[in-house]
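Since every read-out is calculated from the coordinates, none of them should be taken as a lab result. These figures come from a predicted structure and were not determined experimentally. FYI the Cβ positions are ideal-geometry reconstructions off the backbone, even for glycines, and counts take in every protein chain you see.
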Amino acid sequence: MHKNSSCVVLYSGGMDSTVVLHHALKTHENVYTLAFNYGQRHVIELQKAEDYVLTLNTKLETVRVKHITLDLRSIGGMLTTSALTNTSIDVPKMKDVIGDPQNLAYVPNRNMMFLSIAAAFAESKQAYTIYYGAAQADDTSGFWDCCQPFRELINEIFSLNRRNLIQVEAPLIEMSKKDIIEYGKTLDVDFKKTHTCYQGTDISCGTCPSCSARLAGWISSGYIDPLEYNRVIDWEKYNCKQL
């Protein structure tokens, strides 16, 4: 571990970004987690992220993770084409978006905005690595700002910085949800304290694209997802056991 090194993690409180947070703690002494309130329907994720960091620091018996939530609601209000920022648009169900190159859960240029802000923050903190939770399932679901070419191109832009070379890393970008769960298990991630559902309810819907991808990953891994869902999941049918 680089004892005096710092990094920045885009942290939503979701399963993937929580695994990334634990991944970052393996090699960085100090981690800044950035969460964004952009008027998202599932604003509950912000409290989940804050709670997870508090619990993690308590477990580590030191404040290695410094959590910051930024208010971008004025920007989110302009993003009216997404079901996540416009409550007049229903959150799509997974069965309705199969084959859709860019479904209604897509928020225009969200990761571009978040990573640009994170890069400015990282430079001010002399932190030269930014992590975000782009995963294989995001790319195949139509989220172009979670694909490998996007990461490579944004790193090319950041490489123009004449003094501070900041790079974006996406350690899960080639991992399936099953791979992410198995990796998170080795990192002692508390999956029960993560939030995935786009509906923003305490109990996950189990039918939105995010819930569906998560459930498929748990079924593939052979473990029971510790989250509660608003639909019956027949874990025995899939031969799943407790994590």
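Structural remarks
- Amide H within-cut-off set for Leu70, under 5 Å, with H built and near neighbours excluded: Ala35, Phe36, Asn37
- Neighbourhood charge, 13 Å Cβ-Cβ cut-off, centred on Thr33 and excluding it, Lys, Arg +1 and Asp, Glu -1: +1
- Gain in span if fully extended, Trp144 to Tyr229, counting 0.36 nm per residue against the direct Cα distance: 27.8 nm
- Thr80-Val43 FRET efficiency (beta carbon distance; Förster radius 22 Å; 0.05 resolution): 0.80
- Cross-link partners of Lys192 among aspartates and glutamates (Cα-Cα below 19 Å; sequence separation of 8 or more within a chain): Asp16, Glu45, Glu50, Asp51, Asp179, Glu182, Asp202, Asp225, Glu228, Asp234
- Compared with the alpha-carbon gap, the fully stretched path from Asp188 to Ser124 is longer by 20.0 nm at 0.36 nm per residue.
- Across the chain, the volume of the C-alpha convex hull divided among the residues equals 120 Å³ per residue.
- Phi-derived couplings, Karplus 6.51 cos²θ - 1.76 cosθ + 1.60 at θ = phi - 60°, listed residue by residue for region 64-73: 8, 10, 10, 9, 9, 10, 9, 8, 10, 5 Hz, with x used for Gly and Pro.
- Nitroxide proxy distance, nm - points 7 Å out along Cα→Cβ at Glu152 and Thr87: 4.2
- Residue by residue, region 179-190 carries 3J(HN,Hα) couplings of 4, 5, 4, 5, 5, x, 4, 5, 8, 6, 6, 8 Hz when phi is fed to the Karplus relation 6.51 cos²θ - 1.76 cosθ + 1.60 (θ = phi - 60°); x denotes Gly or Pro.
- Inter-label distance, Ile68 to Asn164: 1.0 nm, where each label sits 7 Å from its Cα along the C-beta direction.
- Summed residue charge, Cβ within 11 Å of Val189's Cβ, Lys/Arg positive, Asp/Glu negative: -1
- Once each of the trypsin sites (Lys or Arg not before Pro) sitting in a DSSP loop with at most 11 other beta-carbon atoms within 10 Å is removed, the chain keeps 1-161 as its longest stretch.
- Residues with amide H under 5 Å from that of Ser5, placed H, sequence gap 5 or more: Glu29, Asn30
- Selection from Thr80, Gln148, Val65 lying farthest towards where the dipole of region 44-149 points positive, charges on Cβ: Val65
- Estimated [θ] at 222 nm from DSSP helical runs (n ≥ 4, -39500 (n - 2.57)) normalised by residues in the chain, nearest 500: -11000 deg cm²/dmol
- Cα-centred dipole magnitude for the chain, charges only on beta-carbon of K, R (+1) and D, E (-1), debye, nearest 20: 340
- Gain on full extension, evaluated as 0.36 nm per residue between Ile203 and Leu243 minus their Cα-Cα distance, stands at 12.5 nm.
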